[in-house]
Structure formats: C-alpha cells, structure tokens
Amino acid sequence: MSKIMMPSKLSFFREYGYMLIDNFGLHNISWLEQKVDSILRQISSSSSQMELSVTSYGESWIFSENILRYDQSLASFFLTGPLTNIAATLLGVSSVYFLRDQTYYKLTNAEETPWHQDSLFIPSDELDTVTFWIPFHDITPNHSPMSYIRHPYRQCYLGSSFDRFHTYESFSTLSEYQGFRLDVFDDMNAGQILAHDGWAMHGSPSMTEGMTRKAMVVVYAKQPINLNSTATLSSCHPDLRSQALQIRDGNVKSYQSLLGSNIISNGN
C-alpha cells in the first residue's frame, strides 16, 4: 500500500488538515527543480498583481505564479501528473481542478511567512482545496520550515488575536499557551512534501543568514472553480477582510489570465 493511502495519515489529514507525504520521490523533485530554475532565469521581473503584492512584502523572496505557462512538460506534470492523483485521494473525489502554482524561494534573511489560512484568500466561500508545499532540498530549522497549528475545525481562528499576536513567534506562543500543538516540519528530506487544506493554519519563521530555501506550491480544487472576489467573507474577522479581499482580487485576475492562455479550461 502506498504511504499516501495509509488510513492513519488520511484520517489525520481529514481531522487536522495537513500531512507529510513521504514518497513523492527524489526524481520528481530533481526534475521540478530543474524546470522551475530554468523558467525563473527567463522571467526578468514580477508583473501580476499577486506577484507584486508578495514581492513587495520582502526583497529576499523570489515569487512567480502560474509558471506552467512557460513549459508544456511542466503544465502536463501539474495537470495530469502524480499530484493530481494524490489531491483526488485527499479530497475524496475521482478528479480535481488546477487552481495555481507559485514559487516560494527565500534568500538569506528572508522574512517570515505570517500565519494564515489559504481559504481566506481564495475567491470562493465554498471551494475545497488542497495545497502541496514542495521543497527542492532537505529542510532544516535554518530553512524557514513549514509549521502548522493543530486544531480540528474550520473557521477564521486568527480572530481578534490578529492585531496583537500577528508575528510568527508571538502567535506560536499564544497558540501553545491556549493548548494547541505546534507541528514544525524542520527535518524533511528531499523527496518529501507537505499537503494542507484551505483551513490549515500555517506559517514559517524567517530564514537564517547565509541560507537559501527553494520551494513551490501547487493548489488543486475539489469542485469546478467559480471565483468571486466580492464574497462577504462571513467566516473572516473584520480585521482581516481588507487584506483578504485584496489578495482575492489578485487571485481572480491571475486565474482569468491563466484561462486566457488556453493552458487550462474552466474546470480542468
């Protein structure tokens, strides 16, 4: 039985919303790294609303989205490759819909990734998603490791704590004080990847000086994708709504651009 199919791991994912996948394969990682590095060398600057919003957060990030546009073999890998099968298993369906890919390369001293839940920034209140976090090398405590707060429910957990406890370290401390477990994946081997659903609370600390981290994410949806950047965000605390709506609008534009490229169709 494939490790991804082990009932214990699937049960954990469906309760807490994240899991480590052991057997994605070093050969897949090496191939992806080569493809992504080649594409990034061809891209001179950020241009989309989403790319500009992320790179403005910190100069030590290399962030590009929907890079499958630049390589047909990469597009085929994301649209029909092993990630689609794993995503379908995790979401409990026979097939899934591609939403986006994004690079998250962090250079030395790069800023933390703030705690967040992806569903707040996806322009659909009803869309179920799974995100794969794919590092291209071993991950240690120095590589801004992905971290999750273990809580078994789906809501805007940041709530009113967002204003006072918004840094990685302070919100980690608050969550542990409130009795939640913090799972930090700081001992990953190349070939292992992480998966999380839209409501898994996650973030990562700042990079250690002198280190570089190369990773990307690929996101799939359970249902056909119908994006709406003007959703009411009823599950989101008012303090987060302005930021969430801005990012949702960027996601709408990015997805519409991807549809316009004819690489994907609406619902594939």
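Computed values, structure above
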| item | result |
| --- | --- |
| Residue in region 120-167 that is farthest from Asp22 (Cα to Cα), counting only those that are at pLDDT below 90 and touching a Lys or Arg at 6+ places or on another chain (Cβ under 8 Å) | Pro123 |
| Hits in region 2-44 - residues which are modelled with pLDDT under 85 and under 27 Å from Gln117 (Cα atoms) | Lys3, Ile4, Met5, Met6, Pro7, Ser8 |
| Conditions (1) surrounded by fewer than 17 Cβ atoms within 10 Å (Cβ to Cβ); (2) modelled with pLDDT of 90 or more; (3) of a type in the set (D, E, K, R): number failed by Asp101 | (1) |
| Search result, residues across region 191-209 that are more than 10 Å from Trp115 (Cα to Cα), among the hydroxyl-bearing types (Ser, Thr, Tyr) and buried (at least 20 other Cβ atoms within 10 Å of the Cβ) | none |
| Tally of residues being touching a residue at least 60 places away in the same chain (Cβ under 8 Å), part of a strand (DSSP E or B) and touching a Lys or Arg at 6+ places or on another chain (Cβ under 9 Å) across region 57-107 | 5 |
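The values are calculated or read from the model by the stated rules, or taken from the named source; none is laboratory data. The shown structure was predicted, so the numbers you read here are calculated from the model rather than taken from an experiment. So basically every Cβ, Gly included, is an ideal-geometry build from the backbone, and we count neighbours across all protein chains shown.
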